[in-house]
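Structure first, commentary second.
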Amino acid sequence: MIIVQHRFLGHQINSKTETLVIGTFNPETADNDAEFFYGRSRNYLWRLLPTAFGKADLKGASKQEKLDFIREYKIDLTDLIEEIQVEEGQEANYYDGYIDNKVTRWKNIISLIDTLPNLKRVCFTRKTFSDIPNMKKQLSEIQKHLNNKGIAFHALTTPARFYREDKQTEWTNFLLNGN
């Protein structure tokens, strides 16, 4: 078995964050060329976010440009999982249904939320939970905590695989209106 850590474990969440985007896992592997969250070629978060605010597409932009954008718009990014243990040869397998029962360390999202006094909305970058019972349990606890704090939570269509206008509308509504 091989231990795989999250690629961006060192990322520090900005204390002024108003919108928190929660994903699942980004493996620290040699063949992962993402230099920041949602940086893989088939992910469109960096088009969805700026477009919602009438800004230029940041897909393919530098890490610093993305950091500047999220700082300006008080958005930040984290993932549920810090570490997984997988069979040799599966180190780059980040499919949620596969890694759901391979987690050796979850990120303490609830503690993180409690450090963000300006937090207004949180989303998870997936709408379906049928093949991820362990992640679903983690998210249920997070959602309950957010509800107790009066903070909006939404599961949104994944930013991965493709870009479409209905996906953009959904993300824009969440980012601008909290729904």
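The values are calculated or read from the model by the stated rules, or taken from the named source; none is laboratory data. On a predicted model such as this, the values are computed, not experimentally measured, just so you know. A quick note on method: Cβ atoms are made from the backbone with ideal geometry, for glycine too, and the neighbour counts reach across all protein chains shown. Remember, those area values only see protein heavy atoms, side chains included, never the ligands or the DNA or RNA. Shrake-Rupley method; radii C 1.70, N 1.55, O 1.52, S 1.80 Å.
Remarks
- Of the residues Ala56, Ile2, Ile22, the one whose Cα sits farthest towards the positive end of the charge dipole of the chain is Ala56 (charges of +1 on Lys and Arg Cβ, -1 on Asp and Glu Cβ, taken about the Cα centre).
- Counting only DSSP beta bridges whose two residues both lie in the chain, roughly 40 percent are antiparallel.
- Gain in span if fully extended, Leu176 to Ala34, counting 0.36 nm per residue against the direct Cα distance: 48.4 nm
- A helix-only calculation puts the chain at -9000 deg cm²/dmol for mean residue ellipticity at 222 nm, using -39500 (n - 2.57) for each DSSP H run of at least four residues, averaged over all residues.
- Of Leu49, Leu67, Leu58, the one that fluctuates the most in a GNM where the chain has Cα springs shorter than 10 Å: Leu67
- Surface composition of the chain: carbon and sulfur make up 45 percent of the accessible area, probe 1.4 Å.
- In plain terms, the chain from Gln12 to Ala92 could stretch by 26.4 nm, reckoned as 0.36 nm per residue minus the Cα-Cα distance.
- Annotation for Thr169 and Ser41: the two label points, set 7 Å from Cα along the Cα-Cβ direction, are 3.1 nm apart.
- For the range 1-66 versus the range 103-137, the gap between their alpha-carbon centres in whole angstrom: 16
- Total charge dipole magnitude, the range 1-109, about the Cα centre, Cβ charges on Lys, Arg, Asp, Glu only, Debye to nearest 20: 500
- Cα-projected label distance for Arg105 with Asp131, points at 7 Å along beta-carbon direction, nm: 2.7
- When the Gaussian network model of the chain links Cα atoms closer than 10 Å, the mean-square fluctuations of Leu156, Leu112, Leu80 top out at Leu112.
- For the range 27-74, the per residue solvent-accessible surface stands at 53 Å², with DNA, RNA and ligands left out and a 1.4 Å probe.
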